[in-house]
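Notes to accompany the following structure.
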Amino acid sequence: EAAELGIEHNVIFTGYRKDIPELLSVMDIFVLPSVKEGLPMVLLEAMAAKRPVIATRVGAVPKVLGYNESGILVEPGDPMELERAVRDLINDCTKSLHLALNGFRKVKERFSSEVMAAEYSSLYCDVVEYSI
């Protein structure tokens, strides 16, 4: 499809990568234009890397990002809205930094391994207590 659109020189299909932290470190903005998602781990990784995020309103993404709280949400399949969001962050460094820091804080508070382990432990205790 990239060749059909004449953009094959502007697109890289990387395949499986082991160097995600290095890739995230060179990004100014992380864009996740998914049409369908659950809770994408790459979204949490970008937030943990303190990258401002633009993502589509699919799956659990809106719950993670909130409304302009930890990222910008756009409608899936709307390239013009996506373009506006990218331009907005390029032109507003303060907003970009604000979103990046909010995202980092949120991922540490709600999605760290310690928090997730505590929540699983609590769930297991509740299940065991309920079944007794």
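The values are calculated or read from the model by the stated rules, or taken from the named source; none is laboratory data. This structure is a prediction, so every number in the text was calculated from the model and none was measured. Cβ coordinates were reconstructed from backbone atoms using ideal geometry, including for glycine residues, and neighbour counts include every protein chain displayed. Note: areas computed on protein heavy atoms with side chains; ligands, DNA, RNA excluded. Shrake-Rupley method; radii C 1.70, N 1.55, O 1.52, S 1.80 Å.
Sorting T56, T14, T94 by accessible area puts them as T94, T14, T56; the probe is 1.4 Å, largest comes first, and only protein heavy atoms count.
The mean accessible area for residues of region 1-74, using a 1.4 Å probe and ignoring ligands and nucleic acids, is 64 Å² per residue.
Calculated from the structure at hand, semi-axes √(5λ) of the Cα gyration tensor in Å is found among (i) 26, 23, 13; (ii) 53, 17, 11; (iii) 31, 18, 15 as (iii). With a Förster radius of 25 Å applied to the beta-carbon distance between E114 and E69, the computed FRET efficiency rounds to 0.65.
Note on the chain: GNM, Cα springs under 10 Å; of L39, L101, L73, the largest mean-square fluctuation is that of L39. Full extension of the segment from A3 to L97, taken as 0.36 nm per residue of separation minus the current Cα-Cα distance, would add 30.3 nm. If you roll a 1.4 angstrom probe over the protein chains with everything in place, what fraction of the accessible area of region 91-132 belongs to carbon and sulfur, to the nearest %? Heavy-atom surface of region 91-132 belonging to carbon and sulfur, 1.4 Å probe: 60 percent.
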